[in-house]
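Enquirer: Pasting a structure below so you can have a look.
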Amino acid sequence: QVQLVESGGGLVQPGGSLRLSCAASGSIFSINAMGWYRQAPGKQRELVAHITSSGSTVYADSVKGRFIISRDNAKNTLYLQMNSLKPEDTAVYYCNAISRGTAYWGQGTQVTVSS
């Protein structure tokens, strides 16, 4: 079992920045890939960014050049640095971890980009 707890969401103006964190606990030694997803009202959950245990990353086209995903294995924490935020980035952001073929999810953190 893996437990994930997100933090760092909030209200930010367009053009601003936020950093999301995801603290992992439990069977963390078995985690290989981790990622961030988001879900806006009325829309399906979508991949934002993904990072493997070797550090390889994948980003959605809509966030390339603005968001950076990283993980600190010593702290068992995943991060998402979000810069140049746009109103269309407004969503609930979820942390995801893959362990032994099972996907685990955090409870989500709200990000609202508005003036």
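The values are calculated or read from the model by the stated rules, or taken from the named source; none is laboratory data. Because the structure is a prediction, the values reported are computed rather than measured. Neighbour counts run over all protein chains shown; Cβ positions are idealised from the backbone, glycine included. For the accessible areas, the whole protein counts, side chains as well, though only heavy atoms, and no ligand, DNA or RNA atoms are used. Shrake-Rupley method; radii C 1.70, N 1.55, O 1.52, S 1.80 Å.
Enquirer: Would you please name the residue that is modelled with the lowest pLDDT, looking only at residues in the range 67-115 that are closer than 17 Å to Ala49 by Cβ and among the basic types (Lys, Arg)?
Expert: Taking the candidates together, the pick is Arg71.
Enquirer: For the range 25-38, what are the residues that are open to solvent by less than 30 Å² (accessible area, probe 1.4 Å), part of a strand (DSSP E or B), modelled with pLDDT under 95 and small (Gly, Ala, Ser)?
Expert: The one that is open to solvent by less than 30 Å² (accessible area, probe 1.4 Å), part of a strand (DSSP E or B), modelled with pLDDT under 95 and small (Gly, Ala, Ser): Ala33.
Enquirer: Check off (1) at pLDDT 95 or above; (2) over 23 Å from Gln1 (Cβ atoms) for Pro41 and give me the number that stays unchecked.
Expert: Going through (1) at pLDDT 95 or above; (2) over 23 Å from Gln1 (Cβ atoms) one by one, Pro41 breaks only (1).
Enquirer: Determine, yes or no, whether Thr77 is surrounded by fewer than 18 Cβ atoms within 10 Å (Cβ to Cβ) and either closer than 12 Å to Leu20 by Cβ or hydrophobic (A, V, I, L, M, F, W, C) (or both). Give the derivation first.
Expert: Working: surrounded by fewer than 18 Cβ atoms within 10 Å (Cβ to Cβ): yes; either closer than 12 Å to Leu20 by Cβ or hydrophobic (A, V, I, L, M, F, W, C) (or both): yes.
Considered against the rule, which asks whether it is surrounded by fewer than 18 Cβ atoms within 10 Å (Cβ to Cβ) and either closer than 12 Å to Leu20 by Cβ or hydrophobic (A, V, I, L, M, F, W, C) (or both), Thr77 comes out as yes.
Enquirer: Looking at the range 92-104, which of its residues are buried (at least 22 other Cβ atoms within 10 Å of the Cβ), under 23 Å from Ser114 (Cα atoms) and of a type in the set (A, V, I, L, M, F, W, C)?
Expert: Hit for the range 92-104 is Cys95, nothing else.
Enquirer: Filter the range 1-32 down to the residues that are under 12 Å from the mean Cα position of the chain (by Cα) and farther than 15 Å from Val113 by Cβ and list them by number.
Expert: Once the filter is applied, which keeps residues that are under 12 Å from the mean Cα position of the chain (by Cα) and farther than 15 Å from Val113 by Cβ, the range 1-32 yields Leu4, Val5, Glu6, Ser7, Ser21, Cys22, Ala23.
Enquirer: Can you pull out every residue in the range 64-101 that is touching a residue at least 40 places away in the same chain (Cβ under 8 Å), of a type in the set (Val, Ile, Thr) and under 22 Å from Ile28 (Cα atoms)?
Expert: Scanning the range 64-101 gives Thr77, Ile98.
Enquirer: Within the range 40-61, identify whether any single residue is β-branched (Val, Ile, Thr), in contact (Cβ under 8 Å) with a residue 40 or more places away in the chain and buried (at least 20 other Cβ atoms within 10 Å of the Cβ), and answer yes or no.
Expert: First pass over the range 40-61, keeping only residues β-branched (Val, Ile, Thr): 48, 51-52, 57-58.
Still in the list and also in contact (Cβ under 8 Å) with a residue 40 or more places away in the chain: 48.
From the residues that got through so far, the ones that are buried (at least 20 other Cβ atoms within 10 Å of the Cβ) too are 48.
Yes: the range 40-61 contains one or more residues that are β-branched (Val, Ile, Thr), in contact (Cβ under 8 Å) with a residue 40 or more places away in the chain and buried (at least 20 other Cβ atoms within 10 Å of the Cβ).
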